[in-house]
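Visitor: Right, I'll just put the structure down here and ask away after.
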Amino acid sequence: MIPVSKPYIGEEEKKAVMEVLNSGMLAQGPRVAKLEEKFTEVCGVKHAIATTSGTTALHVALLANGIGLGDEVITTPFTFIASANSIIFTGAKPVFVDIDASTFNINPDLIEAAITPKTKAILPVHLYGYMCDMDKLQAIADKYNLVIIEDSCQAVGATFKGKVAGSFGTGAFSLYATKNIMSGEGGMITTNDDSVAEKCRLIRSHGMKRRYYHDMIGFNFRMSDLHAAIGLAQIDRLEAFTQARVNNAHYLNENLKTVVTPKVKDGYGHVWHQYTIRLDGKRDRDAAVKRLADAGVGSGVFYPVPAHKQQYMQDLVGEYNLPVTEQLANEVISLPVHPQLSQSDLDTIVTEVNKL
Ligand SMILES: *Cc1c(COP(=O)(O)O)cnc(C)c1O
């Protein structure tokens, strides 16, 4: 079976972990600091703050921007559930806006209609590694004085008009095992704002700057040096990993004939966390996934149930009618695009998908 994702775990990763174990210093330390420094370089930002996961990175990013009880945050329903949950953790309410079928991302032209006096932030998700139209989002944020929290968990290294994901507002990244670079579990916040960065560092570690003196309430969301060691081994390969994904995606785009393939507009640097096709019309997606699996091609459905259709979410925020999201949730299939695919894997994927 060609897996839909496959973490790269090489000798460097293994050696790096053993070095930390042998040092006896496992908790947040010099490797976390080094990984943060590398992230500032990748994203072209002043500050990076490591956390335990993408979820905690989003949570802390929202809190550090002053989002809390009674606030509303506009986001997309077509995402991993953590995007919306992180808003709820702060006491704020997610407000869902439908997506653009050509990008899978929040439709910027529908955002203004969802703004109320309680709206404090927009939380766009650069889904599958393809960035949102940040010109449009920034213009809305400026007009209504909103902060932007970029869910960049799938988009490390992605660009919009040459600017990198996580450098527009406050960025949140995931280093979960299947992401483009990983540390097993892990997260990262990026910002150019000194005071947001300072708050993130405090919230991450029980509000402590000086040991056992607490400036505010916080969590233990600290990354361990064990995890950071894996992340450091990976981050130097980010460009090579991304280039392999780009090459694989181009090959699939050129050779797939029977499905709707993803398009990249001018000015966008896609990092292909997922390569996602659509089965147009009334074709049976579950049957297609099964036929691919039977032929040895792994695939994934990201995501079969949008956030606003989860029962507990409906209990919290009420019902929404978001037709584009609901249609695409029934049509999408993500195919393997990861850096470890061979040419023969790619040919198998093309052959089998073209039979659908
Ligand atoms: C992976 C992911 C998250 C959460 O990251 P974790 O590290 O799993 O907590 C949030 N948003 C999106 C879009 C993701 O893909």
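The values are calculated or read from the model by the stated rules, or taken from the named source; none is laboratory data. Being a predicted model, the structure only gives us computed values, none of them experimental. With ideal geometry, Cβ positions are generated from the backbone for all residues, glycine too; neighbour counts draw on all protein chains shown.
Visitor: In the range 170-206, which residues are closer than 27 Å to Lys120 by Cβ, more than 10 Å from the ligand (Cβ to nearest atom) and among the polar types (S, T, N, Q)?
Guide: Correct list: Thr170, Thr190, Thr191, Asn192, Ser195, Ser205.
A quick yes/no check of all residues on (1) within 16 Å of the ligand (Cβ to nearest atom); (2) within 24 Å of Pro336 (Cα to Cα); (3) not polar (S, T, N, Q):
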{"site": "Gly10", "(1), (2), (3)": "no, yes, yes"}
{"site": "Lys14", "(1), (2), (3)": "no, no, yes"}
{"site": "Gly54", "(1), (2), (3)": "yes, yes, yes"}
{"site": "Phe89", "(1), (2), (3)": "yes, no, yes"}
{"site": "Ile99", "(1), (2), (3)": "yes, yes, yes"}
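Visitor: Can you tell me which residues in the range 142-154 are more than 16 Å from the ligand (Cβ to nearest atom) and under 20 Å from Ser86 (Cα atoms)?
Guide: Of everything in the range 142-154, those that are more than 16 Å from the ligand (Cβ to nearest atom) and under 20 Å from Ser86 (Cα atoms) turn out to be Leu146, Val147.
Visitor: Let me confirm something: among Ala33, Ala64, which residue is among the hydrophobic types (A, V, I, L, M, F, W, C), free of Cβ contacts under 8 Å to residues at least 12 places away in the same chain, outside the structural domain of Val271 (by TED's automatic domain parsing) and more than 16 Å from the ligand (Cβ to nearest atom)?
Guide: The conditions single out Ala33.
Visitor: Which of the residues belonging to the range 158-217 are within 13 Å of the chain's Cα centre (by Cα), of a type in the set (Val, Ile, Thr) and surrounded by fewer than 17 Cβ atoms within 10 Å (Cβ to Cβ)?
Guide: Thr178
Visitor: Right, next: Report, by residue number, each residue of the range 67-87 that is more than 18 Å from Ala197 (Cα to Cα), assigned to a loop (DSSP other than H, G, I, E, B) and either hydrophobic (A, V, I, L, M, F, W, C) or within 16 Å of the ligand (Cβ to nearest atom) (or both).
Guide: Result: Leu69, Thr76, Pro77, Phe78, Thr79, Phe80, Ile81.
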